[in-house]
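The block underneath contains the structure these notes are about, expressed in structure tokens.
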Amino acid sequence: MSLYSHGFARLAAAVPQVALADPRQNASRTIELIQRAHRDAVAVVAFPELGLCGYSVDDLVQQDALLDEVEAALTSVIDATADLTPVVAVGAPLRVDDALFNCAILIHGGRVLGVAPKSYVPNYREFYEQRYFAAARDAVRDTVVIAGQRVPFGADLIFEADDLPGLRIHAEVCEDGWVAIPPSTWASFAGATVLLNLSGSPVTVGKQSYRRSLVTGHSARCVAAQLYVSAGFGESTTDLAWDGDALIAENGTLLARSQGFSMEPQLVVSDVDLDRLRQERARMISLRDQVGDFADRARDMRRVSFTLGVPEETDGLRRAVARFPFVPTGAADRDERCREVLDIQVQGLVQRLRSTGIDKIVLGVSGGLDSTLALLVAIQAFDAIGLPRTNIHAYTMPGFATGGATLARSHVLMDSLGVTGNELDIRPSCMQMLADLDHPFAKGEPVYDVTFENVQAGERTSHLFRLANHLGGIVLGTGDLSELALGWCTYGVGDQMSHYNVNGSVPKSLIQHLIRWKIATAHYPAETSATLQEILDDVISPELVPADADGNIQSTEDTVGPYELHDFFLYYLTRFGHRPSKIAYLAQQAWGDKSRGAWSDMMSDGERHEYDDATIDKWLTVFLKRFMSQQFKRTAMPNGPKIGSASLSPRGDWRSPSDAPSGAWLRELHPE
């Protein structure tokens with residue numbers, strides 16, 4: 001299996017130990033790292049600015065003896081790439097006519113693809129490059145001869161792989177990336193997806209954090225991958241120090257970074273998602289508008305085609321694939337996410353109450369995850385605007401399969417949190433309806449079909465809406481994003497319909513962390529916290545069908561599959577429009593037996609598990625069928641605040657026909 005067949009490209013930033021003013025030695029060290037990159041199935045590898053001679057050679061760069069050796073060293077690097085996969089970007093000073101240029105030379109398969117001279121040559125503080133180098137705009141020709149090859153020359157070059165869709169490379173040099181509008185900005189407008197910056201960049205206090213902001217921010221603005229690599233150990237320390245900083249970022253996210261101040265050569269490798277970049281660019285109308293504003297500049301970019309020779313087999317992805325994409329991995333980030341989500345939910349509910357002039361809420365409390373979160377949000381909202389908690393009318397409504405434990409937990413929550421709690425037994429009204437329907441259960445037969453289940457769900461919702469009428473309140477919905485995605489909700493009842501739903505954009509995997517966070521931060525009474533923990537530990541169940549002879553209760557995840565997988569599928573399908581085969585591949589990287597444990601510190605022992613390929617395929621198939629067939633329920637979903645990057649509101653992120661089949665997606669996953 002190859003990562004390239006799933007729309008990824010492997011990039012590498014190479015930081016060799018510099019042999020100052022010794023191009024021959026630098027060429028040897030460069031070739032060693034190129035060969036390592038080839039063995040790692042890398043598509044593009046970039047080296048530091050002036051790496052073939054050293055950035056800090058100062059006036060020596062004007063010496064013909066050194067420049068002659070640079071040319072010879074460059075030829076040896078070119079020759080060494082003849083049978084290797086990566087596109088190589090090396091930094092070197094080149095004589096062109098009567099000027100000297102600071103250049104990035106792109107090489108592949110034993111030939112030079114082109115040369116990108118530095119556009120902005122600094123001459124301030126410790127930098128005196130205008131003493132030596134001309135700028136790209138000073139060039140009087142757009143081709144040069146290198147190693148007997150006439151090749152394109154200029155800052156306007158995009159190098160495009162014809163056998164790897166989406167791999168379009170642009171290279172610039174150091175200062176070019178620090179100006180207000182880097183040359184790579186224009187290249188990204190013209191379609192460049194991989195932006196290389198070959199840098200010298202000595203280190204000073206605070207510069208590492210600034211570089212990170214610069215690289216991640218530029219990759220986000222350009223919706224591109226950026227590879228930045230600067231000079232490391234071996235440069236002259238006459239007046240400066242060098243840390244060998246190398247970063248790979250994708251659309252605002254830092255994927256990989258070198259070890260600072262290492263005295264050993266480094267190859268920093270990560271895989272960038274070309275499909276994701278394409279999808280993001282297609283969605284960002286504002287980006288397309290700006291491209292249109294500068295269309296002439298974008299059209300003037302020159303394109304150089306090459307055939308990469310895509311590796312047919314690779315190892316697993318060299319990037320983190322979070323098992324829970326809706327939940328940050330770091331504890332601090334996770335706490336901040338929980339705080340932000342709850343603030344959004346609370347603000348949405350407060351505004352709805354104020355705009356309607358209503359000061360009461362009616363909701364069902366089942367003792368499960370979703371209704372518990374809705375209750376906690378309601379309490380926080382009422383506290384925020386000074387309304388008494390007693391205006392929250394919570395109802396636990398036991399049915400034919402309600403367990404004693406969940407019923408008890410509902411009462412503890414209502415009583416300990418100070419809301420107006422009530423128990424309303426729906427069984428008599430359900431029996432009346434079942435009898436009206438001539439259902440076998442009303443005659444004493446144990447028939448637990450969908451009618452049996454939905455009569456209970458419907459009765460609960462009917463009571464809540466009529467109670468809202470009676471009390472002058474609104475019904476607060478509880479259904480979450482994961483249930484809406486799967487259609488695991490009954491049309492017209494509480495998990496699908498309400499007056500306002502604070503959970504509609506919150507996935508099940510995040511709800512669990514929100515409740516954990518509230519336990520840790522809200523200073524609830526001890527009995528409340530203990531009950532919340534019991535809810536987290538319990539099996540997710542609608543409790544509509546009685547337990548079997550062995551005492552096993554109805555399990556949602558046994559029926560529709562693990563929510564943790566479905567949330568994963570939902571994220572990549574709706575957020576990026578990925579093909580099902582790619583979603584399966586990503587799930588294998590995150591959840592398979594070879595997945596790396598970025599989540600090991602936050603997962604309990606019960607969560608430290610894997611899913612094999614067959615299981616992933618099984619539940620992805622279920623997800624695709626259910627997701628497409630259940631759109632009619634989402635089309636009629638009530639108002640509620642958008643929480644994160646994925647939302648299924650028909651008035652917001654997700655507008656889909658209710659009648660679309662799933663065939664195209666299933667055929668892509670299982671080709672005939």
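Residue-by-condition table, conditions (1) under 20 Å from VAL272 (Cα atoms); (2) within 22 Å of the chain's Cα centre (by Cα); (3) without any contact (Cβ under 8 Å) to a residue 60 or more places away in the chain:
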position: PHE8; (1), (2), (3): yes, yes, no
position: ALA12; (1), (2), (3): yes, yes, no
position: PRO16; (1), (2), (3): no, no, no
position: ALA21; (1), (2), (3): no, no, yes
position: ARG36; (1), (2), (3): yes, no, no
position: VAL45; (1), (2), (3): yes, no, no
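Go through segment 222-257 and give me each residue that's surrounded by 22 or more Cβ atoms within 10 Å (Cβ to Cβ), of a type in the set (Gly, Ala, Ser) and in contact with a strand residue (DSSP E or B) (Cβ under 6 Å, 6 or more places away or on another chain). Scanning segment 222-257 gives ALA224, ALA225, GLY232, GLY244, ALA246, ALA249. Where helices (runs of 4 or more DSSP H) fall entirely within segment 210-306, those with at least 3 residues that are touching a residue at least 40 places away in the same chain (Cβ under 8 Å), assigned by TED's automatic domain parsing to the domain that holds LEU50 and over 18 Å from LEU11 (Cβ atoms) are at 285-293, 295-299.
In the set ILE385, ILE358, only one residue is modelled with pLDDT of 95 or more and under 37 Å from the mean Cα position of the chain (by Cα); that residue is ILE385.
Evaluate the following for THR75: is it more than 21 Å from ASN197 (Cβ to Cβ), of a type in the set (Val, Ile, Thr) and assigned to a helix (DSSP H, G or I)?
Details: more than 21 Å from ASN197 (Cβ to Cβ): yes; of a type in the set (Val, Ile, Thr): yes; assigned to a helix (DSSP H, G or I): yes.
When the stated conditions are applied, THR75 passes them.
Candidates ALA530, ALA584, ALA547: the one that is over 16 Å from the mean Cα position of the chain (by Cα), in a helix (DSSP H, G or I) and small (Gly, Ala, Ser) is ALA530.
Okay, residues lined up against (1) surrounded by 22 or more Cβ atoms within 10 Å (Cβ to Cβ); (2) among the hydrophobic types (A, V, I, L, M, F, W, C); (3) at pLDDT 95 or above; (4) touching a helix residue (DSSP H, G or I) at 6+ places or on another chain (Cβ under 7 Å):
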{"site": "SER28", "(1), (2), (3), (4)": "no, no, yes, no"}
{"site": "ILE31", "(1), (2), (3), (4)": "no, yes, yes, yes"}
{"site": "ARG36", "(1), (2), (3), (4)": "no, no, yes, no"}
{"site": "GLN62", "(1), (2), (3), (4)": "no, no, yes, no"}
{"site": "LEU66", "(1), (2), (3), (4)": "no, yes, yes, yes"}
{"site": "ALA80", "(1), (2), (3), (4)": "no, yes, yes, yes"}
{"site": "ASP83", "(1), (2), (3), (4)": "no, no, yes, no"}
{"site": "PRO86", "(1), (2), (3), (4)": "yes, no, yes, yes"}
{"site": "ALA99", "(1), (2), (3), (4)": "no, yes, yes, yes"}
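The single condition from (1) small (Gly, Ala, Ser); (2) part of a loop (DSSP other than H, G, I, E, B); (3) modelled with pLDDT of 95 or more; (4) buried (at least 23 other Cβ atoms within 10 Å of the Cβ) that GLY367 fails is (3). For segment 105-126, a tally of residues being out of contact with any helix residue (DSSP H, G or I) (no Cβ under 6 Å at 6 or more places or on another chain) and free of Cβ contacts under 8 Å to residues at least 12 places away in the same chain returns 2. Note on segment 132-180: enclosed strands (runs of 3 or more DSSP E) holding 3 or more residues that are in contact with a Gly (Cβ under 8 Å, 6 or more places away or on another chain) are 157-161.
Taking segment 470-525 as the search range and keeping residues that are among the small types (Gly, Ala, Ser) and more than 30 Å from the chain's Cα centre (by Cα), which one is farthest from VAL450 (Cα to Cα)? Let's see the steps before the verdict.
Start the filter on segment 470-525 by keeping residues that are among the small types (Gly, Ala, Ser), which leaves 472-473, 477, 479, 482, 485, 487, 492, 494, 498, 504-505, 509, 520, 522.
The next check asks that each one be more than 30 Å from the chain's Cα centre (by Cα); those that pass are 472-473, 492, 494, 498.
Numbers: GLY472: 32, GLY473: 30, GLY492: 15, GLY494: 16, SER498: 21 Å.
Looking at the filtered set, the residue picked out is GLY472.
The requirement of being over 24 Å from LYS642 (Cα atoms) and touching a residue at least 40 places away in the same chain (Cβ under 8 Å) is not satisfied by THR574.
The values are calculated or read from the model by the stated rules, or taken from the named source; none is laboratory data. Please read these numbers as outputs of a predicted model, since none were measured by experiment. Virtual Cβ from ideal backbone geometry, glycine too; neighbours counted across all protein chains shown.
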